[in-house]
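Data first, discussion second: the structure below is written as structure tokens.
The values are calculated or read from the model by the stated rules, or taken from the named source; none is laboratory data. These figures come from a predicted structure and were not determined experimentally. Here the Cβ is made from the backbone with ideal geometry for all residues, glycine too, and neighbour counts use every protein chain on show. Surface areas here come from the heavy atoms of the whole protein model, side chains and all, with no ligands, DNA or RNA. Shrake-Rupley method; radii C 1.70, N 1.55, O 1.52, S 1.80 Å.
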Amino acid sequence: MRQLREAVAHSSTRIDALRDEQYPNWVHRYSYLAGLDGELPPKDNGKDAGGAKSKPGDKGFGVEAVVEETPVGRSQLDYLRRLVEQLKREEVTSDGEFKAIGVLGSDVYDKLMILQALRKDFPHALFFTTDLDSRLTHSSQLSWTRNLVIASHFGLELTPALQTPIPPFRDSYQTALFYSVLRAVDSLEAVPGPNALKLSTGALFSGEVMPRLYEVGRHGAVDLSADPVLAAAALPSIHLPRSDVDPATGALSLPSMRTLGLLLSAASLMFLCAILINSQLWSLCRGRTLASLLAMLVLTAVMVVAFLAGARLDGTSGEPFTFTDGISVWPTTSLRLFAFVLCVIFFAHSWWRLWESDRDMIRRFRLRRLATLVPRPSGFWIGIHHWLPHSSDHAEARQLWHEYRWLGTWQDRAWRVVPQVGVYGVFGIALMLLFGFPVTPCRGSACFTFNYIILGVSVVAMTLLMFYVVDATRLCRRLIKIMIQTTIEWPRRLLTREAAELEVDPAYVREWVGVQFIAKRTEVISAMIYYPFVIVFLMAVARHSYFDRWDFPAGLLVIFTLNALYAFGNGVLLRRSAEEAKREAVRQLKRRLKSLSGAPVSQQGQPQQIERMMELIEQTRDGAFLPFTQHPLFGAIALPTGGTGLVFLLEYLATLF
């Protein structure tokens, strides 16, 4: 009875001590009952080992056990559900969601079950624990243990000189025990004077045993320990050295300048061979185009070098440089940088394609400069809805064309696009404030700064590209609408030439010429729909959880969806406008055909000519008149699905030039 009374008093003292513990107001402390699975560990003696029930971790590390939450028996799993509910209520009543959640305890199975219970309800929180254990890195547990940060005095093995030939241990306690045995049997003894340890073979190691920091990656625990930069005479550590650190300097091991130089030289040589082999590519690369390509290559090389230099600014205390472990932001940053470069390429390529289209259309439809100066079309600085059909219901094709080109100059586009980008940016920030900003799993101030810079320029470039493509689409739609509502006077020599080629009367080719004009122009404009979809796709892939602890909050999902829908919707409207122009052309020819009923014998061949022109217009399958399954719109919406969209994209890229 006296022992029971002492035990109760001791427990009461410990509870009072827990109540008296003081924490900052931003730290919230919660407890759980040890032995959540309620199972007895197997006994050590051989006789009874088969009678004791094994830990649930022996069959999937507790995955099956968490499913059963019945509040009966020895199992305490039902406490996990109430713990989650308590934490969720705390998030609502406190100053926001939890930024980090620490799971501390001595039983690894308890840690695994707590992580499994909490991870899905707190996807934005950083989870951390102590004591590295191989069960935390098992493939069956990665759904809730990946990106788990672990502070541990030891890893699973020591430096090869001490570990050989013993394989890595199961947990850090075994490694600590192995180190203690080496010290106890004087296999690793202290050296008098300097803080050093001497192996029996004579090798010296640092006597300062620094704790280690790990993060669970896709292929195991990745060492993130911030080792100080090694001095020339510094002794090596007893810990296993980081694989991404140069042992001579203690700096991160990144591709050397020699390696980068060889890669760039190989790429330049391949490009030179392609120019010499392909005559079309050679003709393309002459003059200013070659200078532009060289400037783009130099800019890309400078950006790659700056990117690698930025990755090293934080040293070993910063973000690791890995692409497949799923614990680094550098793959995401690389994709964003690639998206920015693609935006620049798409801008340059679109201007070149539009200029080339202008030149071809001027030659094809004889749209030479007018003898008299064309007045600048009245318009609003943020829109084009003031560009209206002429009041006389007739318009000369050359005048309409030059009005269209005037509104398509880069100055006018900038006046329309930039304000829209600013308004859209304010809208995006408002969504982020409403739904919360995305998680940025960076380490080190340089990593945060570098990531924000690249994110900012890539987002601005993506938004500018989207509104630029939409503006080009809307301007083309306005041109088609004016052509539908106006009788277009085409150059007489153009009508005569087309009539001679088609062997019809010049009076019946006006509608055909208008449809061909729309097809040729929309062939370039419709292809531009790929640009924003490719960039949005890349930016979305960059936030995939494969690379790191990235999330996709509702606000960001809304922004990406609006980007895609806005570009796609304008592409659909352009196609509808073109189809409407085709139907209007056919209706006009039908009215002419109807007016020829009962015509004299001298005009008997004209109905056949009109019917032929109607058939040619109906068979037009270029530009915006392509079937939907062959239209760039279909490839754009199929791009996120994988195979089909990528096939369409590769087919388009193969015909870019």
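Structure notes:
- Check on GLN163, modelled with pLDDT of 85 or more and either of a type in the set (Phe, Trp, Tyr) or farther than 21 Å from VAL108 by Cα (or both): yes
- Screening TYR109 on (1) modelled with pLDDT of 85 or more; (2) out of contact with any Phe, Trp or Tyr (no Cβ under 8 Å at 6 or more places or on another chain) shows it passes everything except condition (2).
- Candidate set from region 445-454 (those that are open to solvent by 30 Å² or more (accessible area, probe 1.4 Å) and not β-branched (Val, Ile, Thr)); member that is farthest from the chain's Cα centre (by Cα): SER445
- Any hit, region 432-442, residues being assigned to a helix (DSSP H, G or I), under 28 Å from GLY310 (Cβ atoms) and under 28 Å from the mean Cα position of the chain (by Cα): yes
- Restricted to helices (runs of 4 or more DSSP H) entirely inside region 488-567, those with at least 2 residues that are touching a helix residue (DSSP H, G or I) at 6+ places or on another chain (Cβ under 9 Å), in contact (Cβ under 8 Å) with a residue 12 or more places away in the chain and among the aromatic types (Phe, Trp, Tyr) are 510-527, 530-542.
- In region 378-405, the qualifying residues are those that are within 26 Å of ARG366 (Cα to Cα) and open to solvent by 80 Å² or more (accessible area, probe 1.4 Å), and the one that is modelled with the highest pLDDT is ARG405.
- Enumeration of residues in region 430-444 that are surrounded by fewer than 16 Cβ atoms within 10 Å (Cβ to Cβ) and closer than 15 Å to PRO320 by Cα: none
- Inspection of region 455-475 identifies at least one residue that is closer than 30 Å to PHE307 by Cα, within 22 Å of the chain's Cα centre (by Cα), free of Cβ contacts under 8 Å to residues at least 24 places away in the same chain and surrounded by fewer than 22 Cβ atoms within 10 Å (Cβ to Cβ).
- On inspection, ILE101 does not qualify as under 28 Å from the mean Cα position of the chain (by Cα) and under 30 Å from ALA234 (Cβ atoms).
- Meets criteria (assigned to a helix (DSSP H, G or I) and either β-branched (Val, Ile, Thr) or farther than 30 Å from ILE384 by Cα (or both)) for THR473: yes
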